[in-house]
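In what follows, a structure is listed as structure tokens, so that the remarks can point back to it.
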Amino acid sequence: MFVPKSQNPLLAAVLTLLASAFVAGTTLLAKMLGTDALGPALNPLQISQGRFIFAFLAFAVAATVMRIRFTQIAWKTHTLRVAFGWGGVTLMFAAAAFIPLSDATAISFLNPVIGMLLAIPLLGERVGPVRLSAAAIALVGAMILLRPTPEAFQPAALLAVGAAVSLGIEVIVIKRLTGREGPLQILLINNVIGVGIASAAAVWVWIAPTLHQWLALAGIGFLMAAAQTCFTNAIARADASFVGPFFYATLVFAALYDFVVFGVRPDAVSVIGTLIILCGAGLLMWREGRIRPSAGSPVGKMTTPED
């Protein structure tokens, strides 16, 4: 029988920050594949397929080496999670190919707020003014980075909005799974189902990738596998409403990658937006660090309605 992880908000925050760094890397590679940077542009459905195939290979190797024992699998919940996850990732890859990477990332980062709000009625989590304020601060920073101009709100931006909604719902489904199954089992089953769904969709648009495109597809899969491992372990150790806002750090890593790879220096607006996001995450970490579960309290219920 699977034993739930003990609550550790600090470790959950660190794992989420690592996941955000890996996700930013996958988006960067998807942008290159969706344009002509590495050869003929690939359809987002094919990019998503490559992500699931190589992530599955990574988790299959890990499961074999660790010799995990499977517990009872909630197939319906897994399928629901994969459907929203696949939809969110595919829409995000598509958005990154049509609008600036910073705009697509900023819009998609409505998903932690959606996840936090849905956690209240669906998971029974208590979200007080501190958490709400921290999420609001981070959202303001994201909107500043978005630079609401006519160019940012072209029709393709709706793809990123759809990604945000899908990924926000996925957060809630993941939380339901972490209470009954181990992280590696969740990730392996997720990618088994994902390969099937993604391959069925990609078969209609598939073209032979170049060598560089194969390497980029493998990079997306392995980076996403690392991100999923970190995030699933993080959400098993803290409330979804606590973990979600830390994922805004993906915006920071995306700006850093732009600077290192393409020499793009962040302007004053980018710096201000990034600092505001970090302030929101810092406020949440500081408040959560002062709260510890009392003896006999339910796992995961670490706050009072006033927190």
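Restricting to the stretch 58-69, name every residue that is open to solvent by less than 60 Å² (accessible area, probe 1.4 Å) and either aliphatic (A, V, I, L, M) or not in a helix (DSSP H, G or I) (or both).
Answer for the stretch 58-69, where residues must be open to solvent by less than 60 Å² (accessible area, probe 1.4 Å) and either aliphatic (A, V, I, L, M) or not in a helix (DSSP H, G or I) (or both): 58, 60, 62, 63, 68.
So, residue 211, is that one crowded, with 19+ Cβ neighbours inside 10 Å and at pLDDT 85 or above or not?
The answer is no for residue 211.
For the stretch 217-240, check the following and say yes or no: at least one residue is in contact with an Asp or Glu (Cβ under 7 Å, 6 or more places away or on another chain), in a helix (DSSP H, G or I), open to solvent by less than 20 Å² (accessible area, probe 1.4 Å) and not hydrophobic (A, V, I, L, M, F, W, C).
no
Report whether or not residue 260 is in contact with a helix residue (DSSP H, G or I) (Cβ under 6 Å, 6 or more places away or on another chain), surrounded by fewer than 23 Cβ atoms within 10 Å (Cβ to Cβ) and more than 22 Å from residue 107 (Cβ to Cβ).
Details: in contact with a helix residue (DSSP H, G or I) (Cβ under 6 Å, 6 or more places away or on another chain): no; surrounded by fewer than 23 Cβ atoms within 10 Å (Cβ to Cβ): yes; more than 22 Å from residue 107 (Cβ to Cβ): yes.
Judged against the criteria, residue 260 is not a match.
Please go through the stretch 37-48 and give me each residue that is crowded, with 21+ Cβ neighbours inside 10 Å, more than 17 Å from the chain's Cα centre (by Cα) and among the polar types (S, T, N, Q), ordered by number.
46
Quick one: would you say residue 234 is modelled with pLDDT of 80 or more and within 14 Å of the chain's Cα centre (by Cα)?
Taking the combined requirement at face value, the residue satisfies it.
For (1) modelled with pLDDT under 90; (2) within 20 Å of residue 231 (Cα to Cα); (3) open to solvent by less than 10 Å² (accessible area, probe 1.4 Å), each residue gets a yes or a no:
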site	(1), (2), (3)
5	yes, yes, no
9	yes, yes, no
15	no, yes, no
35	yes, no, no
56	no, yes, no
71	yes, no, no
77	yes, yes, no
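Is it the case that some residue within the stretch 258-266 is more than 30 Å from residue 36 (Cβ to Cβ) and at pLDDT below 85?
No, the conditions are met nowhere in the stretch 258-266.
The values are calculated or read from the model by the stated rules, or taken from the named source; none is laboratory data. Note that this is a predicted model, so its numbers are computed, not measured. Positions of Cβ are generated from backbone atoms using ideal geometry, with glycine treated the same way; all protein chains shown enter the neighbour counts. The accessibility values were calculated without ligands, DNA or RNA, using every heavy atom of the protein model including side chains. Shrake-Rupley method; radii C 1.70, N 1.55, O 1.52, S 1.80 Å.
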